[in-house]
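The values are calculated or read from the model by the stated rules, or taken from the named source; none is laboratory data. On a predicted model such as this, the values are computed, not experimentally measured, just so you know. Cβ placement follows ideal geometry from the backbone for every residue including glycine, while neighbour counts extend to all protein chains displayed. Heads up: the accessible areas ignore ligands, DNA and RNA and are worked out on the full protein's heavy atoms, side chains in. Shrake-Rupley method; radii C 1.70, N 1.55, O 1.52, S 1.80 Å.
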Amino acid sequence: MKICMIGAGYVGLVTGSCFADLGNTVWCVDKDEKKIVKLNNNDIPIYEPGLKDLINKNFLSGRLKFTTNLSLAVKNSDIIFICVGTPTSNKKGSANLQYVFKVATELSRYINKFKIIVTKSTVPVSTGDKIEKIILKKKRKNLFEVVSNPEFLREGEAIRDFRFPDRIVIGANNKKVIKKLKSLYDPLIKKGAVFFSTNRRGAEIIKYASNAFLATKISYINEISNLCEKTDVNVEDVSIGIGLDKRIGSRFLRVGPAYGGSCFPKDTKAITFTGDLFKTDLSIIKSVIKSNEKRKILLAERVKKILSNKIKNKVITFLGVTFKPNTDDMRESSSLLMIPYLKKKGAIVNYFDPSGEKKQFSKLKNVFYYDDIIKACKKADLLILHTEWDEFKALDFKKLSGKRKFKIYDMRNLYSPLSMKSLGFSYHSLGR
Ligand SMILES: NC(=O)c1ccc[n+]([C@@H]2O[C@H](COP(=O)([O-])OP(=O)(O)OC[C@H]3O[C@@H](n4cnc5c(N)ncnc54)[C@H](O)[C@@H]3O)[C@@H](O)[C@H]2O)c1
């Protein structure tokens, strides 16, 4: 099929490359000219495992193209995916839909024959209706159909998630269009993905309700871990004990820092805003948001305690600063609050992250990036294991610490408290 992806970010680039790999012809369009120049030179603007090779292979085959020319891409496509960002727009937390609506306005100019317009961006319920209205200002109804196809991929595992999704959700009010999209996804359905169709508004809510539910699970185990810490119980055991109940399931019950990333924080806020708009108090999700905010402070305060309230001039080394491993995405990572907080209290913060230096910290005085774990740890008084990259799972702490014996704060429970104690380290983790 002939496809156009508008927005070559984490979602558009990955899904576009994967669609091309299934044999479709895909035009990836972005308004960011620098990004398109990079992509045309096989310089991939984001870090996602396996993406570079996938893009290179399909670019060379001619099935994957990159352009800033929306008109050209639209004319050459039958199915158009909107994959632009929908960040949080104001203090109340609604989704900023300006990029989506701008695309809709542009599309209304360029549609020349029947097109299926698919919203992959995460958008509040009834946005599809608004997109349709915008296009109807310039084009007749029989020239297009607006569909919702929410994306569930996870950064860091995005290619695998595209290829082996649990489900593919299509929200459309037109049976023919559902059939066409089902055939686009047929190679994945044949491998076991469940195809589920509902109406457009239903699909829009499914996406937010899924993310809010997962965020709830994370916040739930994080709060339970606070209780475990006070009662001398191991939260890992509690996670297993809860998760073995098939009605609950074991996934997303791992304790950690506040949830972050480009989706959960903004989507939980946006759905509660939508709830208020439709006079529905989504009180559970509202308290999840509060609990997550509190957690950022709680863990930062805990650092103070570990250092006996003497932070000034202490060297604190962060291993990992991204919100999760295998991505360079810093959006809403809890390190964005913790590092400036500790720096303000007088600490010298070193950090190492396998995805490289972060512009968010480059202007902060006394915050230093190292491209080498050993150097980053050299003078540390406290080591914070913030993100569970594989390279942090079997560290030689004796070698890293030397005779100084730094303290360790393991925010991912990667190590056993007993073995760390036997190595002679002051080791702190979560809920244990
Ligand atoms: N990142 C994820 O893990 C993930 C997962 C599922 C769903 N989503 C949703 O998918 C959407 C996209 O997320 P993302 O992380 O890929 O965003 P992103 O910020 O990485 O990418 C968005 C891209 O859209 C481009 N863009 C904006 N306006 C444009 C226009 N008018 N024409 C062409 N290009 C334009 C931007 O330049 C940018 O490259 C969001 O709604 C997000 O909530 C994201």
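So here's what we get for this one:
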quantity: Residue in segment 37-51 that is among the acidic types (Asp, Glu), part of a helix (DSSP H, G or I) and more than 30 Å from residue 114 (Cα to Cα) present; calculated: no
quantity: Any hit, segment 188-203, residues being surrounded by fewer than 19 Cβ atoms within 10 Å (Cβ to Cβ), free of Cβ contacts under 8 Å to residues at least 24 places away in the same chain and part of a helix (DSSP H, G or I); calculated: yes
quantity: Counted residues, segment 233-275 - those being free of Cβ contacts under 8 Å to residues at least 60 places away in the same chain and either more than 29 Å from residue 335 (Cβ to Cβ) or in contact with a Pro (Cβ under 6 Å, 6 or more places away or on another chain) (or both); calculated: 7
quantity: Number of the condition not met by residue 27 [criteria: (1) within 12 Å of the ligand (Cβ to nearest atom); (2) part of a helix (DSSP H, G or I)]; calculated: (2)
quantity: Positions within segment 149-171 being surrounded by fewer than 20 Cβ atoms within 10 Å (Cβ to Cβ), aromatic (Phe, Trp, Tyr) and within 21 Å of residue 84 (Cβ to Cβ), in sequence order; calculated: 152
quantity: Scan of segment 94-120 for residues that are closer than 17 Å to residue 73 by Cβ and assigned to a loop (DSSP other than H, G, I, E, B), ordered by number; calculated: 111, 112, 113, 114, 120
quantity: Wholly within segment 282-378, strands (runs of 3 or more DSSP E) carrying at least 3 residues that are out of contact with any Ser or Thr (no Cβ under 7 Å at 6 or more places or on another chain) and hydrophobic (A, V, I, L, M, F, W, C); calculated: 315-319, 348-352
quantity: Matching residues in segment 124-134 - criterion: being in contact with a strand residue (DSSP E or B) (Cβ under 9 Å, 6 or more places away or on another chain), within 15 Å of the ligand (Cβ to nearest atom) and open to solvent by 10 Å² or more (accessible area, probe 1.4 Å); calculated: 124
quantity: Residues (farther than 22 Å from residue 264 by Cα and within 9 Å of the ligand (Cβ to nearest atom)) located in segment 81-104; calculated: 102, 103
quantity: Test: residue 34 is over 30 Å from residue 143 (Cα atoms), assigned to a loop (DSSP other than H, G, I, E, B) and out of contact with any Phe, Trp or Tyr (no Cβ under 9 Å at 6 or more places or on another chain); calculated: no
quantity: Filter result for the condition that a residue is of a type in the set (Val, Ile, Thr), more than 10 Å from the ligand (Cβ to nearest atom), crowded, with 20+ Cβ neighbours inside 10 Å and closer than 24 Å to residue 262 by Cα, over 6, 44, 55; calculated: 55
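A quick yes/no check of all residues on (1) more than 16 Å from the ligand (Cβ to nearest atom); (2) within 23 Å of residue 9 (Cα to Cα):
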{"residue": "157", "(1), (2)": "no, yes"}
{"residue": "179", "(1), (2)": "yes, no"}
{"residue": "186", "(1), (2)": "yes, no"}
{"residue": "205", "(1), (2)": "no, yes"}
{"residue": "218", "(1), (2)": "no, no"}
{"residue": "239", "(1), (2)": "yes, no"}
